[in-house]
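Read the structure below first, then the notes.
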Amino acid sequence: MGNNNAQQNKQEDDFKRAVRVLRQSKSAVNIQPVLGICYGKTKTSYLRGYMKVVGQSFWYLISNNEELYTDIIKPLGYRAKQHNDQFKRRKSKIINKFTFELLQEFCVDGEINWKKLVEFNSGNYMR
């Protein structure tokens, strides 16, 4: 049994347990477990005691706004770009720092001194 199947089985068990507990509490609430998936184009379906809601249908279910699934894309994309740009700047800075250190410590006239580099990386610690 694959990992995904194990997760689905556990989820179904959790749904069943939650429904059983709520019913035992004699709550007058109608109980419908829902598996909500943020993206995709699958029709809403009922599987083994729970409702599976995907994509636009999921966002509509939680917001009662038919356009929410597209309304949230632009701000998410903008924030992702901000983080991506910041990540690229930091990554470049670290690469430059490591390159500088490599050149300073392990290179002579632009060539890597492999013996020194391998000794640094793999030589005896207690020497």
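The values are calculated or read from the model by the stated rules, or taken from the named source; none is laboratory data. All figures in this text were calculated on a predicted structure; none of them were measured in a lab. Note that we place each Cβ from the backbone using ideal geometry, even for glycine, and neighbour counts take in every protein chain shown.
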| Got a number for residues in region 39-50 being under 18 Å from the mean Cα position of the chain (by Cα) and at pLDDT 85 or above? | 1
| query | Does any residue of region 88-107 turn out to be free of Cβ contacts under 8 Å to residues at least 24 places away in the same chain, farther than 30 Å from ASN121 by Cα and not acidic (Asp, Glu)? | reply | no
| So which residues in region 28-65 are touching a residue at least 24 places away in the same chain (Cβ under 8 Å) and more than 22 Å from LYS10 (Cβ to Cβ)? | LEU61, ILE62
| message | For SER63, only one of the following conditions fails: (1) more than 23 Å from ASN5 (Cβ to Cβ); (2) in contact with a strand residue (DSSP E or B) (Cβ under 6 Å, 6 or more places away or on another chain). What is its number? | response | (2)
| query | Which one of ARG79, ARG89 is charged (D, E, K, R), at pLDDT 90 or above and not assigned by TED's automatic domain parsing to the domain that holds LEU35? | reply | ARG89
| query | Would you call GLU66 modelled with pLDDT under 85, over 20 Å from the mean Cα position of the chain (by Cα) and either assigned by TED's automatic domain parsing to the domain that holds VAL118 or of a type in the set (Asp, Glu) (or both)? | reply | no
| Pairs where the first residue, in region 3-22, is farther than 11 Å from LEU35 by Cβ and the second is surrounded by 10 or more Cβ atoms within 10 Å (Cβ to Cβ) and of a type in the set (Val, Ile, Thr), C-beta under 9 Å, 6+ apart | ALA18/ILE31; VAL19/ILE31; LEU22/ILE31
